[in-house]
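Have a look at the structure below, then the notes.
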Amino acid sequence: MALKRYVVACFDDEEVLFPAVKRVRNAGYKIQDVYTPFPVHGLDHALGMRETSLHTAGFIYGITGTTTALSCMGWIFTQDWPMNIGGKPNFPLPAFIPITFELTVLFSAVGMFYTFCYLCQLAPFVKKHHFHPRATDDLFVMAIECTDRTNVEDLKAFVSNAGAVEVDYQVAESGWWFGRYDKQQDLYAEPHSIGY
Amino acid sequence: MHLKYESQIREPLVDGNKDYHQVTEDIIRPIEVKPGRLWYVGFFISVAMLLFGVYSLYREVTYGVGQWNLNKTVGWGWDITNFVWWVGIGHAGTLISAILLLFRQGWRTGVNRAAEAMTIFAVMCAGQFPIFHMGRVWLAFFILPYPNTRGPVWVNFDSPLLWDVFAISTYFTVSLLFWYSGLIPDLASVRDRAKTKLRKLLYGIVSFGWTGSTKHWQRHEALSLVLAGLATPLVLSVHTIVSFDFATSVIPGWHTTIFPPYFVAGAIFSGFAMVQTLLIVVRKVLNLQEYITLGHIEAMNKVIVLTGSIVGCAYLTELFMAWYSKNDYEGYAFFYSRANILSPYGWAYWGMMFCNVVSPQVFWFRKLRRNIAFTFFMSVIVNIGMWFERFVIIVTSIYRDYLPSSWSYYYSPSIWEIGFYVGTFGLFFTCFFLFAKYFPTIAVAEIKYVLKTSGESQKEKMDKVEDQQVEEFAHEYAH
């Protein structure tokens, strides 16, 4: 992932942000992302993002848990070491339900959490570029990607006009992927890197 | 244009004139300043209690379970009572964070973080009891099904005690993930306003590099929703399985089909009482009265009176069935060992009846539901009552079993049994004090999310909206 140039526009109200997103996109600029202090509903659609498939992943992990539990218990009690426990059958389905249910939930929850962390590239000691420290406080920070043909000054004026309270120009890495740094760049030498 | 609308008739969830920055400031400020003297006093007492518990356990591990006053007849005493009690307390946290999320109860946002933390600490305390009750605790890993060199001898998958192992460990893991995934954005808020290098480094590590990207929030929302959907049946299953420990046996007073719903209701009842105990103190000490409002306390008291009444119904149903079944042993367990106040443990049964069934009925009165000192007092009473419930169920059913020659006269705990219980209180409060100092005790991002609809100052602006004609309103909101 290469270094890219961004115009960073900060908004202090989501009611201004939504029309601004619409205007910036209609004008043909590419919004790399909007960083918000809390989930703003509908913003993902306004930015043209597709729905996440995390639910599907959760379902697949869940049925993996179900089959793991049933097949392990079934194999142990009927093949590996059949035991006579009070004359009960060797494959008592009702008695297996609690553990099967628990493992379904466990696999699904743990799998989804790790998938979430992997997709969002979240892990301890990960260092990412933060466009504005107040993005986790009270600002909605829109990062607009600049191409070679973008007139930065025009774009800055355009977003100010759309209601941005703070406008800024930054050079940053566009993303982060575990174990793969881009060789050409130095993340710590940027104008607005906040240093962790 | 307003993005969301909520009627003014609903009580605001956040009092005072707040903007987003003020919310961050109010909730995260306590992390950044030195704790008050009360915090140190409380923390010191908790650690002292914890150390006493560690010493009690040291005695138990070194000299054996004989350090406790259990005997062949009363094989389950304070240890299993405390286990069920602590697990029950944990249930309120998951109920608030998962079930109330699915039911879209806005008031959960103010209390869910602390309640989930309470769940995790309570389950940690609960787990100690069955583990140390095994006696040879260094062989505790025998309860896990793994290929071994002893045959392999597998665990008994038909046994409710093994189901418990799976239920409690799954419950702990899922609660922890749910709690932590919600914490990540808030820890990032702490990181981004940190002034000291150390705080920036530590909160940078624990916040996993969170940026607040829209895509990440979208996935985060999906994760929370599915985890809530998973945690809802999970929380019901956990106490159901705990009740199976009793219900699948053939002991009079335990062998009943009413146990699962009765235990789940009791668990939520005691859990909400513990949430009240903790939050009434937290909101005062950390100055969060504007976020945990009287409305929140009243809502929780409503849950307490509902679940308390369900528990009361279960008690009466049990008595009725003991009479209606015409089973001598069941009748003896209920009408002599429990309900006869002159029997050795009659006082415990009537104490339980008073604390759990009679006393919470005062919460039908709005004035008392909104009285903080009274709520605090009642929350302690309810938890005492719920402890008695578990004690009554366990001890009164087994101290006189089918064979009179093996009856045990009176079981009372030894100092090391009490010490173990005191120690888990120490563990619980030590963890909670650390949590209140180093973590945002209220979900900052979730409060910001509901601020524009449910904040007091924002609701005042809704006057204009409520005067609108239907057509105008529909034009503005339908999209």
Original post:
What's the center-to-center distance, using Cα atoms, between segment A:70-131 and segment A:26-64 in Å?
Top reply: 28 Å
Original post:
Once the Cα atoms of helix B:78-94 and of chain B are each reduced to a long axis, what angle between those two axes, in degrees from 0 to 90 to the nearest 10, is obtained?
Top reply: 20 degrees
**OP:** Starting from the amide H of A:Glu173, placed 1.01 Å from N in the peptide plane, find each other amide H under 5 Å away whose residue is 5 or more places distant or on another chain.
**Re:** A:Lys4
Original post:
Around A:Val165, what is the net charge, scoring Lys/Arg as +1 and Asp/Glu as -1 over all other residues with Cβ under 10 Å from its Cβ?
Top reply: -3
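Under 13 Å from the Cβ of A:Cys146, count the other residues' Cβ atoms, weight Lys and Arg +1, Asp and Glu -1, and hand me the total.
Values: positive: A:Lys4, A:Arg5, A:Lys30, A:Arg149, A:Lys156; negative: A:Glu145, A:Asp148, A:Glu153, A:Asp154, A:Asp168.
So the environment of A:Cys146 carries a net charge of 0.
For every helix of n ≥ 4 consecutive DSSP H residues, a contribution of -39,500 (n - 2.57) applies; sum these over chain B, divide by its total residues, and give [θ] at 222 nm rounded to the nearest 500 deg cm²/dmol. Walk me through the numbers on the way to the answer.
Numbers: 18 runs with 307 residues, N = 479.
Value at 222 nm, helices only, nearest 500: -21500 deg cm²/dmol.
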Subject >> Charge dipole of chain A about the Cα centre (unit charges at C-beta), most positive-ward option of A:Leu155, A:Ile63, A:Val40 >> reply: A:Ile63
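When a/c reaches 1.5 or more, the comparison of a/b and b/c decides; with that in mind, is segment A:1-41 rounded, prolate or oblate per its Cα gyration tensor? Walk me through the numbers before you get to the answer.
Working: a/c = 2.19, a/b = 1.36, b/c = 1.62.
Since a/c reaches 1.5 but b/c is at least a/b, the shape of segment A:1-41 is classed as oblate.
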Subject >> Cα-based shape type of segment B:220-355, given that a ≥ b ≥ c are square roots of the gyration tensor eigenvalues and the cut on a/c is 1.5 >> reply: oblate
Subject >> Two-site label geometry, A:Leu93 and A:Val171: point separation in nm, points 7 Å out along Cα→Cβ >> reply: 6.6 nm
**OP:** Could you list the residues of segment B:34-73 with an amide nitrogen less than 20 Å from a label point located 7 Å from the Cα of B:Val380 in the Cα-to-C-beta direction?
**Re:** B:38-50
Subject >> For segment B:32-56 versus segment B:168-219, the gap between their alpha-carbon centres in whole angstrom >> reply: 26 Å
Original post:
Can you list the HN-Hα couplings for segment B:131-145, worked out from phi with the Karplus curve (6.51, -1.76, 1.60; θ = phi - 60°), rounded to whole Hz and with x for Gly and Pro?
Top reply: 5, 7, 5, 4, x, 8, 5, 6, 9, 4, 5, 4, 6, 8, x
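Going down the list B:Lys18/B:Lys195; B:Lys34/B:Lys448; B:Lys437/B:Lys461; B:Lys34/B:Lys367; B:Lys18/B:Lys215, which pairs span over 29 Å between their C-alpha atoms?
Values: B:Lys18/B:Lys195 23 Å; B:Lys34/B:Lys448 26 Å; B:Lys437/B:Lys461 35 Å; B:Lys34/B:Lys367 36 Å; B:Lys18/B:Lys215 27 Å.
Too far apart for the 29 Å limit: B:Lys437/B:Lys461; B:Lys34/B:Lys367.
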Subject >> C-alpha center-to-center spacing [segment B:246-272, segment B:296-330] in angstrom >> reply: 10 Å
Original post:
If the cut-off is a Cα-Cα distance under 20 Å, which aspartates and glutamates reach A:Lys127, setting aside same-chain residues fewer than 8 apart in sequence?
Top reply: A:Asp33, A:Asp137, A:Glu173, A:Asp182, A:Asp186, A:Glu190, B:Asp186, B:Asp192
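Within 15 Å, Cβ to Cβ, of A:Cys72, how many net charges do the neighbouring residues add up to if Lys/Arg are +1 and Asp/Glu are -1?
-3
Calculate for chain A the 222 nm mean residue ellipticity that helices alone would give, adding -39,500 (n - 2.57) per DSSP H run of length 4 or more and normalising by residue count, nearest 500 deg cm²/dmol.
Working: 5 runs with 76 residues, N = 196.
For chain A, the value works out to -12500 deg cm²/dmol.
What FRET efficiency comes out for A:Asp80 versus B:Ser169 if R0 is 22 angstrom and r is the Cβ-Cβ distance? Round to the nearest 0.05. List each step's numbers first, then the result.
On the way: r = 23 Å, r/R0 = 1.04.
Taking R0 as 22 Å, the efficiency between A:Asp80 and B:Ser169 is 0.45.
Rounded, prolate or oblate: which fits segment B:36-101 when a ≥ b ≥ c are the square roots of the eigenvalues of the alpha-carbon gyration tensor, with rounded for a/c under 1.5 and prolate only if a/b beats b/c? Mind showing how you got there, number by number?
Working: a/c = 3.73, a/b = 1.25, b/c = 2.99.
Oblate, because a/c is 1.5 or more while a/b does not exceed b/c.
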**OP:** State which helices in chain A qualify, where a helix is a whole DSSP H run, it must extend 30 Å or more along its own axis by its Cα atoms, and its mean Kyte-Doolittle hydropathy must be at least 0.0.
**Re:** A:54-75, A:93-119
Original post:
With θ set to phi - 60° and the Karplus curve 6.51 cos²θ - 1.76 cosθ + 1.60, what are the ³J(HN,Hα) couplings of segment B:180-193 in order, to the nearest whole Hz, using x for Gly and Pro?
Top reply: 6, 5, x, 6, 3, x, 6, 5, 5, 4, 5, 4, 6, 10
Original post:
Given the convex hull of the Cα atoms of chain B, what is a quarter of its surface area in nm²?
Top reply: 27.4 nm²
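No value in this document is a laboratory result; all are computed from the given coordinates. Predicted model only: the values in this text are computed from it and were never measured. So basically every Cβ, Gly included, is an ideal-geometry build from the backbone, and we count neighbours across all protein chains shown.
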